[in-house]
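**Student:** Got a structure for you, written out below as structure tokens; questions coming shortly.
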Amino acid sequence: MKKFLGILFLIVFTLTLPWMAVDSMAAKGGWQKWEDWENYPTGDFLSDDKWSVGNSCSADDVADVTIEDYDGSRQVKFTYLGLTKNISCYLNFNDCPERIVGIKADVTIQSCTDDLDCRARVAWHRGITSEDDYYIWEAIQVRSNLISVAASVLDQNSLPSNYDWLWDTYNANFNYQIDTIGETFTVSAIFDKPDQVTVTVEGQGTITYKVEDKMGDPIDIFKVIGMQGRGSVDVTGEEFVVYFDNIYIKTRGSCDNKKPQAKVIDPKKNMPLDACWVNITFNEPMDTCCQNIEAPAEWPIGDTVWSDDQKTFSIERSNCDTTDLPANTKIEFVVNPDGTGFMDLIGNEAKKKKLKTITVK
């Protein structure tokens, strides 16, 4: 199956041990309580230091996100608007999400219209395919008649929509044709190893997937809870309401405060006089939102482009079709000359860095 056949998953089913609801027992298992919503006022949810509401929730009229009292506790509520199909609404983990290697949550679909494919999700991204640098998206999905887990390969550069589905590297159901509406399910995923993920649904079982081929570095910090309604684009107003409560996380390492660095320029020497592009590679994936590059007069900047793994930034010389570079000349580029611009996925600004290449004699 395409170039990513190297990633094969061996499925191991094990019996589920009941989780203890007591916080101290959860802590013994390495889980840390992240949120129970009790300190939030009821009403519209506003982004804060711990959570941010995904732009698509309101911009694409996907769902309202509110805090409500439900089933004896305060919970976050997603109410599907039925105006935009097949687009997700998420709450993003904000505080050092790069440290999160496990997520656990109580998920309750309160209602779901019969003709709508209601999907309540705990989802995450932890890498790209090893050969094509495609985005890998993983999720536990509580749906109206089943609970599933999958890792999907997406084309992050597809047009016009972006993130078109290509294929699933794994896809499995815990149990099929079960009535989930009105039932609360405790779901968890542990992805603390680069070659393994363990997914558990309390009362349904545990699935461990072994990854034979290592993923590439993540190109997005994506750890979320949320929803998606899938259905006909000409039907509006479907009812879909989901609640999330008792969010726990597993973490590894400390918050990433290290500044990224531009490491390599290519070519480093003997640049052809008719060269049109130069490549600058960073030591980690970068946020493609921002750039700040100082180039010499010999290299008027034209187009720029990022590699699919978001580590290499390529700069076009806008006059390469009409003007050759001077021979045996040093060409110097400065990354973030004033200390801002290029940044990593966390928002750490890259260090100012001078990179030099020399044209041929």
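Read-outs throughout are calculated quantities, based only on the coordinates presented, and are distinct from any laboratory measurement. Not measured: the values here are computed from a predicted model. Backbone-built Cβ (ideal geometry, glycine too); neighbour counts: all protein chains shown.
**Student:** Cα convex hull of region 106-154: how many Å³ per residue?
**Tutor:** On the way: hull volume 3.7 nm³, N = 49.
Cα-based convex hull of region 106-154, divided per residue, equals 76 Å³.
**Student:** For region 120-187, what is the largest minus smallest coordinate of the Cα atoms on each principal axis, given in angstrom and ordered from greatest to least?
**Tutor:** Between the extreme Cα coordinates on each principal axis of region 120-187 lie 39, 25, 17 Å.
**Student:** What number do you get for region 52-128 when its Cα radius of gyration is normalised by 2.2 N^0.38 Å, N = residues? Don't skip to the end; give the middle numbers.
**Tutor:** Numbers: Rg = 13.8 Å, N = 77, 2.2 N^0.38 = 11.5 Å.
Computed over Cα atoms of region 52-128, the ratio equals 1.20.
**Student:** Could I ask something else about it? Within region 155-224, list the GluC sites (Glu not before Pro) lying in a DSSP loop whose Cβ has at most 13 other Cβ atoms in a 10 Å radius.
**Tutor:** When the GluC sites (Glu not before Pro) of region 155-224 are filtered for loop state and at most 13 Cβ neighbours within 10 Å, 183, 212 remain.
**Student:** How much length would be gained if the chain were fully extended between residue 70 and residue 212, taking 0.36 nm per residue of separation minus their Cα-Cα distance, in nm to one decimal?
**Tutor:** On the way: separation 142, 0.36 × 142 = 51.12 nm, distance 4.28 nm.
Value of the extension gain: 46.8 nm.
**Student:** Restricting the calculation to Cα positions, tell me the Rg (one decimal) and the Dmax (whole number) of the chain in Å.
**Tutor:** Looking at the chain, its Cα Rg and Dmax stand at 23.6, 78 Å.
**Student:** On to the next question. Would you please report the Å³ per residue occupied by the convex hull of the alpha carbon atoms in region 309-350? Present the calculation step by step, with values, prior to reporting the outcome.
**Tutor:** On the way: hull volume 4.6 nm³, N = 42.
In region 309-350, the Cα convex hull volume per residue is 111 Å³.
**Student:** Another question, then. Give, rounded to the nearest 20 debye, the magnitude of the charge dipole that the chain has about its Cα centre when Lys and Arg contribute +1 at Cβ and Asp and Glu contribute -1 at Cβ.
**Tutor:** Result for the chain is approximately 1740 debye, rounded to the nearest 20.
**Student:** Additional query: Would you list 119, 74 from fewest to most Cβ contacts within 10 Å? Please list the in-between numbers first.
**Tutor:** Working: 119 23, 74 17.
Ordered by Cβ neighbours within 10 Å, fewest first: 74, 119.
**Student:** For a quick check: sort 34, 165 by the number of other beta carbons within 10 angstrom, fewest at the front. Before the final figure, lay out each step's value.
**Tutor:** Numbers: 34 18, 165 11.
In increasing order of surrounding Cβ atoms, one gets 165, 34.
**Student:** Just want to confirm a number: the relative contact order over region 9-251, from Cα pairs under 8 angstrom separated by 6+ residues, in percent.
**Tutor:** 31 percent.
**Student:** Related question: Treat each spin label as a single point 7 Å out from the Cα along the C-beta direction, and report the residue 351 to residue 277 distance in nm.
**Tutor:** So the two model labels end up 2.8 nm from each other.
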